[in-house]
Each structure stands twice: as structure tokens, then as C-alpha cells.
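Trainee: Encoded as C-alpha cells, here's the structure I'll be asking about.
The numbers here are math on the coordinates, done by the rules we state, and not lab data. Computed from a predicted structure; not experimentally measured. Cβ placement follows ideal geometry from the backbone for every residue including glycine, while neighbour counts extend to all protein chains displayed.
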Amino acid sequence: MKPLLLPAALLMAAMFALAADAPPATTAQPLDFIDTSFENASPLWYELGEDGTVKINLIYDQERLSPNRAAGHFHFRIQAEKGRKLTLEFNNLENVWNGKPGSVAKEVKQVVVSQDGKTWTSVPTESPEVGRVRVTLEMPGASLFVARAEPYRVSDLNRFLAEIQASPLVKVETIGKTVQGRDLEIIRVGKDDAPNHVFIRARAHPWEPVGNWVVEGLVRRLLKGDAEAQKCLALYNVCILPMANKDGVERGGTRFNLGGWDLNRKWDKPADPKLAPENAALERWLEGEIKAGRRPTFAMDLHNDGNGMLHISRPDIPDIDAYLARMKLFEKSLREHTWFTVGSTKPTFRNPGTLGEGWFSRFGIDAVILEFNCNYIEKLKQPALGKHWVTFGEGLSKTFEAYFAARK
């Protein structure tokens with residue numbers, strides 16, 4: 001019997017049919033998945049390079065009616081085989097800040113990692129070329145959290161508020177809501193009739209967790225009830241807006257609120273209650289404090305970046321020299337009682353839209369911006385972690401005491 005010969009077209013069709021029934025070829029993947037389903041996780045997408053590098057593509061926040069954009073927050077969970085070595089490359093770090101293009105790549109000197117999302121350690125990054133940030137990690141188990149700085153979430157704040165409200169020295173009041181309707185709280189510690197009133201705001205920019213750690217350290221120190229705490233609270237009370245941009249923190253944003261507003265800008269004029277309800281609520285609260293005779297003696301806005309600096313603005317107003325003398329005294333107290341070493345801005349520095357300059361110019365309140373290096377603490381010779389920012393907050397209690405005592 002002669003072999004059956006099939007036409008070429010029919011033969012090709014048969015081959016395709018066999019291929020369709022066969023199991024697909026498998027290619028070894030360096031990881032199973034990157035999970036961003038949890039609170040404070042950063043919006044991103046990822047892909048694999050030809051060399052197996054996991055390319056993390058961050059997604060920008062945008063500012064309303066502005067070219068400004070920001071991506072710098074990252075917080076995600078890798079799922080991969082235990083013992084697997086992974087190289088991550090972070091992309092979309094080219095931001096636009098105050099209308100000027102720039103990159104935060106040079107500021108990303110470390111990442112922090114954790115198996116359980118609670119205990120974090122630092123891993124240095126590498127920059128093989130300008131604008132390119134990489135880090136190599138070995139999986140200690142099947143899951144590993146990765147973040148730019150040790151996270152502090154809305155749930156962490158809720159736990160802290162529940163813990164401190166039992167103290168008779170603490171009052172927590174809701175002053176307004178965010179764009180998405182989350183409560184904005186003021187924590188008041190001490191007596192209303194204290195001779196000095198300190199205001200602190202944290203988390204205007206959602207990626208910057210330092211402020212919450214500092215606040216925890218400060219409040220816990222003031223609530224210890226020992227002689228030192230009593231001495232502090234005899235000189236001042238503290239009012240704190242602990243998380244100004246709750247929506248951004250929850251959703252893993254970098255800089256702007258959900259109305260496309262930078263909450264540390266435009267303080268040189270009244271806030272827009274529709275686009276920036278967070279700032280409008282704080283402004284109403286401040287006006288109420290002033291009317292009640294509790295104008296803040298000193299205000300401070302807490303931030304993170306890759307450098308660290310005490311930002312002291314120099315607006316063109318008659319009493320600027322007296323203000324600068326007071327700020328020199330504050331910086332001296334800060335150096336003596338905390339691990340602060342980085343210094344302050346140049347004598348010509350101005351930034352009119354910030355809370356630091358806006359509150360000074362509009363309301364006559366001594367105010368500064370304190371920025372913390374998110375990578376490294378020079379005085380401690382340690383990578384920056386939450387526990388170090390807590391100790392800073394503890395020292396801040398003594399800083400205010402020394403500052404107000406010296407001003408008498």
C-alpha cells in the first residue's frame with residue numbers, strides 16, 4: 001500500500017491543530033506576582049526585562065492646572081520562590097516640581113524590606129547610570145514587602161489614636177474631612193491655658209511617613225507623667241494634625257491630594273474648600289484657635305526628602321530680623337536635644353506657598369518646614385527607620401522646653 005500523501009495546506013493545518021492541543025512551553029519566571037492590593041500600596045505596573053530584571057513602573061500623581069507631577073512612593077509585596085534572587089529596577093522617577101523637570105532617582109539610596117510588614121530593615125540601592133535605580137534582593141520566604149521608607153498607614157494612626165485617647169491630657173477632635181470623606185483629626189496634648197502653643201502638621205505629602213513616627217515619639221514622651229514631661233507641659237501644649245492627606249496615604253499616592261492639590265502650597269491665600277478641603281478645614285480650625293486666644297506660638301510642618309533641611313523662609317516683612325533670631329534659637333535647641341545636624345536654608349530662601357511662610361505672613365505665626373532625610377541619619381550613622389524618627393520625636397519634647405524657656 002502506498003503511503004497517504006496530504007496536500008501541503010492540509011498538512012500545515014494538521015500541524016497547527018496538534019500544536020494547539022499540546023501544553024504551552026513554560027519559561028522560568030523570576031517571580032509569581034507583585035501584590036498592590038493592600039492599604040498604602042503604590043499604584044504601579046511591572047514587566048520583565050530580557051535579563052530577568054523586574055522593571056517597576058511607578059504611576060504619577062498630577063497637580064491640577066499645572067505641569068507638576070510626582071512619583072516616588074513605592075510600597076508593594078513580592079511573591080516569589082524562597083531563596084530566589086531578584087533585581088528590581090525603578091522607573092518613572094522623572095518628576096516635575098515647581099514647574100521644573102527633575103528626577104528623584106538620585107535621592108533613592110535605600111529601600112526597606114519586611115517579611116511581615118512590621119519589622120523593617122534597610123537595603124542599599126545602586127545607580128548604574130543617571131536616572132536609573134536598582135536593588136537586588138533575596139527572597140527570605142515566599143513573600144516580601146518592599147517600600148521606600150518604613151510605612152505608616154491610616155490603620156497605624158487609628159491604633160495610635162485609640163491608644164492615647166484614654167489619657168486625661170489628650171483630646172482628639174474631628175475638624176473636617178478629606179476629598180473622599182475621611183475624618184481629619186487634631187490631637188491636643190496638655191492644657192489650653194499653657195503659656196505657649198505648638199502646632200505640628202504631618203503627612204501633607206502622603207509618601208513621607210516621618211511625621212507620623214515623630215508625632216508618636218513626641219506624644220508618648222509628653223504622656224509619660226514624669227518630672228520632665230510635667231516640666232514640658234507647664235511651658236506649652238501641642239496640637240497636631242497627624243495625617244493631612246489621608247486619602248493619599250490610603251491609596252499610596254506621592255504628593256497631591258485627590259483634588260490635584262499640593263497641601264504644602266498656596267498657603268499665601270485662603271484655601272479652596274472644594275479642591276483642598278483638608279487645608280480649608282485646618283484654616284477654619286486655626287482661625288478658631290486665634291479667636292479663642294490660643295494662637296500658635298510656633299508651628300512646624302514635617303516632611304521627607306533625600307537630603308533633610310530646616311526650611312526657614314524670609315518674607316519681606318518688618319519684623320523679619322526678630323523672627324530669624326528666634327529661629328536661630330530654635331535650631332540651636334534642636335541640635336542640642338535631637339540628632340538634627342543637617343542645617344537650615346540659605347539667607348535668601350523663600351517659598352511663599354508653603355505652610356511655613358504662609359502662616360508667618362498671613363497669621364503672624366512663627367512657622368518652619370522640617371524635612372528629614374529618608375535614607376540616612378548622619379549623627380547616628382544609621383539608615384533611617386521608624387524607630388529613629390520616634391527617638392527624634394522624644395527629643396523634640398525637650399527641644400520645645402528649652403526653646404520656650406530661653407525666649408522668656
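Trainee: When DSSP beta bridges are limited to those with both residues in the chain, what percentage is antiparallel, rounded to the nearest 5?
Mentor: Counting only bridges with both partners in the chain, antiparallel ones make up about 70 percent.
Trainee: Taking θ = phi - 60°, what integer Hz values does the Karplus form 6.51 cos²θ - 1.76 cosθ + 1.60 yield along region 175-187, in sequence order, with x for Gly and Pro?
Mentor: Residue by residue, region 175-187 yields 10, x, 9, 7, 3, 8, x, 7, 5, 10, 9, 10, 9 Hz.
Trainee: Something else: By its C-alpha gyration tensor, with a ≥ b ≥ c as the square roots of the eigenvalues, how is region 275-318 shaped: rounded for a/c under 1.5, else prolate for a/b larger than b/c, else oblate?
Mentor: The shape class here is oblate.
Trainee: For a quick check: with amide H placed at 1.01 Å from N, whose amide H comes under 5 Å from R84's, ignoring anything fewer than 5 positions away on the same chain?
Mentor: HN-HN under 5 Å from R84: M139.
Trainee: Nearest 10 degrees is fine. How inclined is helix 154-164 to the longest principal axis of the chain, computing both from alpha carbons?
Mentor: For 154-164 against the chain, the angle is about 40 degrees.
Trainee: At a 10 Å Cβ-Cβ cut-off, how would you order V104, V123, fewest neighbours first?
Mentor: V123, V104
Trainee: Please list, in order along region 202-209, the HN-Hα scalar couplings obtained from phi with the Karplus expression 6.51 cos²θ - 1.76 cosθ + 1.60 (θ = phi - 60°), rounded to whole Hz, x for Gly and Pro.
Mentor: Karplus-based 3J(HN,Hα) across region 202-209 equals 10, 6, 4, 9, x, 6, 9, x Hz.
Trainee: I want to verify the translational diffusion coefficient of the chain in µm²/s; compute it with Stokes-Einstein, Rh as the Kirkwood radius over Cα pairs, at 20 °C and 1.002 mPa s.
Mentor: 93 µm²/s
Trainee: Next question. Find which of H337, L184, L275 sits farthest along the positive direction of the dipole of region 154-407, computed with +1 on the beta-carbon of Lys and Arg, -1 on that of Asp and Glu, about the Cα centre.
Mentor: H337
Trainee: Out of residues 5 or more away from V104 or on other chains, whose amide H comes under 5 Å of its own, with H placed 1.01 Å from N in the peptide plane?
Mentor: Residues meeting the amide H criterion: N95.
Trainee: Only four residue types carry charge here, +1 at the Cβ of Lys and Arg and -1 at the Cβ of Asp and Glu. Report the dipole size of region 42-163 about the Cα centre in Debye, rounded to the nearest 20.
Mentor: With only Lys, Arg, Asp and Glu charged at Cβ, the dipole is about 160 debye.
Trainee: Also: In debye to the nearest 20, how big a dipole does the chain give about its Cα centre with +1 on each Lys and Arg Cβ and -1 on each Asp and Glu Cβ?
Mentor: 700 debye
Trainee: Per DSSP H run of n ≥ 4, the term is -39500 (n - 2.57); total these for the chain, divide by its residue number, and report the mean residue ellipticity at 222 nm rounded to 500 deg cm²/dmol.
Mentor: Value at 222 nm, helices only, nearest 500: -9000 deg cm²/dmol.
Trainee: When the Kirkwood hydrodynamic radius is evaluated over all pairs of different C-alpha atoms of region 33-147, what value in angstrom, to one decimal, is obtained?
Mentor: 14.8 Å
Trainee: A further question on this structure: Helix 386-407 versus the longest principal axis of the chain: what angle, 0 to 90°, nearest 10, using Cα atoms?
Mentor: 20 degrees
Trainee: Which GluC sites (Glu not before Pro) in region 61-103 sit in a loop by DSSP (not H, G, I, E or B) and have at most 15 other Cβ atoms within 10 Å of their own Cβ?
Mentor: Taking region 61-103 and a limit of 15 other Cβ atoms within 10 Å, the loop GluC sites (Glu not before Pro) found are E81.
Trainee: Charges only on Cβ, +1 for Lys and Arg, -1 for Asp and Glu: so what's the dipole of region 63-134 about the Cα centre, in debye to the nearest 20?
Mentor: So the dipole magnitude of region 63-134 works out to roughly 120 debye.
Trainee: Please name which of Q115, N98, T136 has its Cα lying farthest along the dipole of region 93-190 towards the positive end, using unit charges on Cβ (Lys, Arg +1; Asp, Glu -1) and the Cα centre as origin.
Mentor: In region 93-190, that residue is N98.
Trainee: Further question: Could you state the angle between the C-alpha long axis of helix 8-21 and the longest principal axis of the C-alpha atoms of the chain, as a value from 0 to 90 degrees rounded to the nearest 10?
Mentor: 40 degrees
Trainee: Which peptide among 133-142, 293-302 comes first, and what is the full order, when sorted by highest mean count of other Cβ atoms within 10 Å?
Mentor: Descending packing order for the listed peptides: 293-302, 133-142.
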